[in-house]
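This report refers to the structure that appears directly beneath it.
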Amino acid sequence: MKILVIGSGAREDAICQSLLKNTDNVVFCAPGNDGMKLNGIKTISINEDEFDHLANFAITNNVDYTIVGPEEPLVNGIVDFFKSRKLLIFGPTKEGAQVEGSKSFTKKLMADADIPTADYQEFTDLQVAIDFLNNDANFPIVIKADGLAAGKGVYISPDLSDALIKVTELLEGHKFNTRKIVIEEFLEGEEFSLMAFVDHKRFYPMPLAQDYKKIFENDKGPNTGGMGAVCPVANISEAIEQEAITTVIKPFVKELYNQGIKYTGIIYAGLILTKSGIKVIEFNARFGDPETEVVLPRLQSDLSEMIYQMLHHKKVTEINWSTEGLNLGVFAVSQGYPGKQISGDLGSTDEFRNCPLTVNYASVRKENHRLISNGGRLYLIQTQANSLVDAQTEIYQELGKLNQTNIFYRRDIGKNSI
């Protein structure tokens, strides 16, 4: 099959590599990045927001179907656009993508489906939000931008003064183009991610993963897009996993369908196991990043065939996942990320080619046979091993061989999975 993957990050690299396990497939990635070419992926210089150019490419090149990686084109209606051109595309419509594009939309869906989540209130007026924080809030408290913020629009405010700064940035300064915020109770517990393939009423859960959002070791510092991930999650029991599927994914998919949203694509639930049970932190409308980089390598079935079946609304009768050991992935990011980033040389292309572990490339560009940083998260190194210690040893050994000058990475990824 000929398949077009839209996006340019490590997640899209992992999707392409999974599709290429079937050697009969031809896989394009638009726009992709220079690092992906080292993995044999055909990159196409069309940006993810150029819907018309992307559709024309799919038509001209007889692409069988398209997979959308990032949330922004989904929220902006790329699936609707492709469908209007009679093109097969894997992802939710603009209406369905609201599960990620609007926190308030998703909170209402969860309430309708009786899915447990944090207590919350919505605010569009700064003064009303300030009054609430002064008079009714318990700290710490969670403040979320209602729209898309590339994983950085969620704040945990420890006290009133910090919360006032955050709501002012969002509602007065319109950080992330925010017009509405959600303020919700702070939940304590163990966080984990559950993704599922969805085809209208049907859904197919993936193994649990756990990502590490904070920039520094021991989960300190500001949130990032994700510093690494592990799959499966040793400290979440199979019973809890089944409960999450039954009490979160199943009713959510059913509620979407009942409300007339025929959802085809990925549902990704950010969950937390609290003292009072599982609660939803957020839903996303696409593959998680960095979770995808550690989940898809465990897939033993043909991803391209699975998605083809779902796009034709046929039941996927068998999906096999590896049950051996675990997969671990660690992101190298630019010095200064997620604030002001310092860019520079990352090493020669030969050094990266010679890495014996899987490398998923993100914000990198090539210059004179060398890779140069081109954003925040640069590349993720991933391996499968029998134990967490073995996986960490392998990854940190290989990371240590690469140019350290302009990169930073956490040295405790996977620490909870024991």
Amide N of segment 80-95 lying under 20 Å from the label point, which is placed 7 angstrom from the Cα of Lys42 along Cα→Cβ: 87-90
Using 1/(1 + (r/R0)^6) with R0 = 22 angstrom and r between the beta carbons of Asp52 and Lys2, what's the FRET efficiency to the nearest 0.05? 0.70
State to the nearest 20 debye the size of the charge dipole of segment 222-363 about its Cα centre, where the only charges are +1 on K and R beta carbons and -1 on D and E beta carbons. 560
For Ile165, Ile115, order by how many other beta-carbon atoms lie within 10 Å, fewest first: Ile165, Ile115
What ranking of Ser193, Ser322 emerges when the number of other C-beta atoms within 10 Å of each C-beta is taken as an exposure proxy, fewest first? Ser322, Ser193
Is there a quick way to get the dipole size of the chain? I mean about its Cα centre, with the Cβ of Lys and Arg at +1 and of Asp and Glu at -1; what is the value in debye to the nearest 20? 840
For Asn61 and Gln404 in the same chain, what is the full-extension length gain: residue separation times 0.36 nm, less their Cα-Cα distance, in nm? 119.4 nm
Using the C-alpha gyration tensor of segment 125-179, what are the square roots of 5 times its eigenvalues, in whole angstrom, with the largest one first? 18, 13, 8
Any aspartates and glutamates with Cα under 15 Å of the Lys21 Cα? List them, leaving off those in the same chain fewer than 8 positions away. Glu12, Asp13, Glu293, Asp302, Glu305
How far apart, in nm, are two points set 7 Å out from the Cα along the Cα-to-Cβ line at Asn134 and at Glu169? 2.2
Positive-end residue of Ala145, Leu160, Met206, charge dipole of segment 128-206 with Cβ unit charges: Met206
In this model, which of Lys275/Lys315; Lys107/Lys262; Lys94/Lys315; Lys107/Lys214; Lys42/Lys107; Lys94/Lys180 are farther than 28 Å apart at the alpha-carbon? Lys275/Lys315; Lys42/Lys107
Assuming 0.36 nm per residue, please report the length gained on full extension of the stretch Lys315 to Lys108 beyond their Cα-Cα distance. 71.6 nm
Assuming 0.36 nm per residue, please report the length gained on full extension of the stretch Arg411 to His200 beyond their Cα-Cα distance. 71.9 nm
Are any of the pairs Lys37/Lys166; Lys37/Lys213; Lys2/Lys213 more than 30 Å apart by Cα-Cα distance, and if so, which? Lys37/Lys166; Lys2/Lys213
Before rounding to the nearest 500, sum -39500 (n - 2.57) across all DSSP H runs of length at least 4 in the chain and divide by the residue total; then give [θ] at 222 nm in deg cm²/dmol. -8000 deg cm²/dmol
For a Förster distance of 45 Å, can you work out the FRET efficiency between the beta-carbons of Gln242 and Gln397, rounded to the nearest 0.05? 0.80
Which whole-number percent is the relative contact order of the chain (Cα, under 8 Å, 6+ apart)? 17
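No value in this document is a laboratory result; all are computed from the given coordinates. Bear in mind the structure is a predicted one, so any value in this text is a computation, not a measurement. Here the Cβ is made from the backbone with ideal geometry for all residues, glycine too, and neighbour counts use every protein chain on show.
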